[in-house]
Amino acid sequence: MDTKNPTTAPDPFEIVKLYKPLRVVDVSDGMDGYGYFDRGLMDPAIRPLWLGMKFWGVAFTLRCVPARRPMWPLNDPEQIADAHGVWFREVGREQWQSGIQAGHVIITNAGGAHEAGLWGSANSLGMMAKGVVGIVTDGHCRDTAEVALQKTPICARERGRTITPGRLEVAESQTPVGCGGVQVRPGDIIGCDDDGVVVVPLEIAEKVALPARMILLKDMRGRAKQYERLGLPPDPTIDFQAVEKYYKALK
């Protein structure tokens, strides 16, 4: 399968539909079955910022680099409040947001920069308004209490406090990047839940989805029997009929 030729490459926005009910562990097991041991598992330090986060989407990549010049001292409170605007008017910025589509997950390589809050509660909401389903960074996220309250789906290596002027710049977008020890290319399938983040190379994504689905359904049916035996009330994690109905509707 030629993922570089748009006439033969699969449509990741169609393939990702096969992943919506799946857990990260199901997909990891499916990749193992095809010999991709640990290849898609991001560093466990890159984690959801709040419990219960789950998303599947298509990779949109950003490569960032540490800034080469510091932010200069500003003269008055209004300038300080508009520090981002002052910085970008002076040094420019990489125009990448026009490439965003609904269903994207923004994978952000922070280039090893020191504490720099590229993502926070406000700009992440702007991405969600464009249809982005998740953000993953090997750097920092700030405003994390608000991110959790908003249920904004961000996975980050660390929590931060700073703004980006003088610290971090976007160098380019939609190019292969490294994030959490994994290569991520535009169009790869990205998943997140409480267990962490997984990357599925687009060229194997369709075939991995089938055994992953089988693994999930087997687990759900088995746990449903255990729930009944133990007298536990049912919950969505054992509703295998809903998952079967979802996949039947895709055909």
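Observations on the model:
- Of all residue pairs spaced 6 or more apart or on separate chains, those with beta-carbon atoms under 8 Å, a first member in segment 235-251 that is assigned by TED's automatic domain parsing to the domain that holds P211 and modelled with pLDDT of 95 or more and a second member that is outside any helix (DSSP H, G or I) and of a type in the set (D, E, K, R) are Y246/K20.
- The single residue among A205, A212 that is of a type in the set (G, A, S), in contact with a Gly (Cβ under 6 Å, 6 or more places away or on another chain) and at pLDDT 95 or above turns out to be A212.
- G166 being at pLDDT 95 or above and at positive phi: no
- Scan of segment 179-209 for residues that are touching a Lys or Arg at 6+ places or on another chain (Cβ under 7 Å) and at positive phi, ordered by number: G196
- Boolean, I215 is within 30 Å of E90 (Cα to Cα), among the β-branched types (V, I, T) and in contact (Cβ under 8 Å) with a residue 12 or more places away in the chain: no
- Yes/no for C155 being within 16 Å of the chain's Cα centre (by Cα), within 21 Å of P21 (Cβ to Cβ) and in contact (Cβ under 8 Å) with a residue 60 or more places away in the chain: yes
- The residues of segment 187-213 that are part of a strand (DSSP E or B) and touching a Ser or Thr at 6+ places or on another chain (Cβ under 8 Å) amount to a single one, V198.
The values are calculated or read from the model by the stated rules, or taken from the named source; none is laboratory data. Predicted, not measured: the structure shown is a model, and the values here were computed from it. Note that we place each Cβ from the backbone using ideal geometry, even for glycine, and neighbour counts take in every protein chain shown.
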